[in-house]
Amino acid sequence: MSLSSKGKRLCNEDFLSVSGGAYIICDGVGGSAKGEIASKLACEAISNYFLHLSHGIPQKQDVMDAIINAEDAFTKYVAKHPESNGMATTLALLHIFGPVAMMAHAGDSRIYHVRNGTILYQTKDHSLINDLIDAGYIREEEAKWHTQRSVITRAIQGKHNPALADVKYIYDIRQNDFFILCTDGLLEGIDNHFIEKSFVCNAELGDLVKRINSMCEENADDNFSAIFIEILSS
C-alpha cells in the first residue's frame, strides 16, 4: 500500500514506483519544478533497471548500475533542458527476493524494518544534521528544530556528481514483518514511537495507512509519501 500528497506545498516533488520486485521512493529537490522532474526521472530509470534484472538477489553493483542509469537520464534531460541544471533527488530502494531484502538509500528518505512493534533497522539519513551530531556540534534533541535540518549530503544529481548509496541486506524476513519506505515529510506527521506502537502483528494495514495519511495532512508542511509492505508469508 502507498500514499503520496503535496501536503501544504504547491506541488508534489515526491515520486514512487512498485515494479519487478523493487519498491522505490524519490524526493526531488531543486525547486521550480526541477525536483518534480528529478524524482520522476530517477524513479523510472531505476525501476526500469530492476524490472529487467535477470538474476535473483540484487548485488551492490546492481544498485550502482541502476543509479548510473538514473544519472544518464539526468544528464540527457539537462542537455535538452538546461534550465533544469542543479536538480537532484533522494533515493530509498527496497528489493525483496524470497527471504532476503536488499535496501539502498541516498539522502534523507528512509527505510524501516519493523517486527511486531520493534524497529529492527532504519536507514541513517545522509544529512548535514547527522554530520553535526556525529561530530558533537549539536545534540540529537536539537536536530528537529535546527535551521539546516533539511540539508542533505547525498543525492542523485547526474554524471557530473556521481551518487553513492548505502546498501544493506536482511536475510531473515519473517511473516508479519513490515517495511516502510518514506520521504522526510511523512516524519512530520508520525514518529518512531508511533511506528513501534502501530506496526504490530495483526495490524489492519489499510486502516493504519488511512490514519497516517490523515495525521500527515494535518501536521506535515512538506510533501509526504510512503510505501508500506507487509510480509504475508516467510
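Laboratory data are not the source of any read-out in this text; all were calculated from the coordinates shown. Nothing here was measured: the structure is a model prediction, and the numbers come from that model. Here Cβ is always computed from backbone atoms with ideal geometry, including for glycine, and neighbour counts include all displayed protein chains.
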(request) Measure off 7 Å from each Cα along the Cα-to-Cβ vector at His160 and Glu230, then give the distance between these two points in nanometres to one decimal. (result) 4.7
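Between Rg and the Kirkwood Rh of the chain, both from Cα atoms, what is the Rg to Rh ratio?
Details: Rg = 17.1 Å, Rh = 18.0 Å.
Using Cα coordinates only, the ratio equals 0.95.
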(message) Need one number: nm distance between label points at Lys124 and Lys76, each 7 Å from Cα along Cα→Cβ, rounded to one decimal.
(response) 3.6
(message) Place a point 7 Å from the Cα of Glu83 along the Cα-to-Cβ direction; which residues of the range 1-23 have their backbone N under 19 Å from it?
(response) 10-13
(message) Taking the Cα centre as origin and putting +1 on Lys and Arg beta-carbons and -1 on Asp and Glu beta-carbons, what dipole magnitude results for the range 100-195, to the nearest 20 debye?
(response) 280
(message) Per DSSP helix of 4 or more residues, -39500 (n - 2.57); summed, then divided by the residues of the chain. What does that give at 222 nm, rounded to the nearest 500?
(response) -9500 deg cm²/dmol
(request) Rank Asn130, Gly107, Thr89 by how far each Cα sits towards the positive end of the charge dipole of the range 2-230 (+1 on Lys, Arg Cβ; -1 on Asp, Glu Cβ) and give me just the farthest. (result) Thr89
(request) Between Tyr169 and Asp207, take the C-beta separation as r, use R0 = 25 Å, and let me know the FRET efficiency to the nearest 0.05. (result) 0.20
(request) Could you list the residues of the range 161-179 with an amide nitrogen less than 19 Å from a label point located 7 Å from the Cα of Asn116 in the Cα-to-C-beta direction? (result) 171-179
(request) Based on other C-beta atoms within 10 Å, arrange Thr123, Thr90, Thr153 from fewest to most. (result) Thr153, Thr123, Thr90
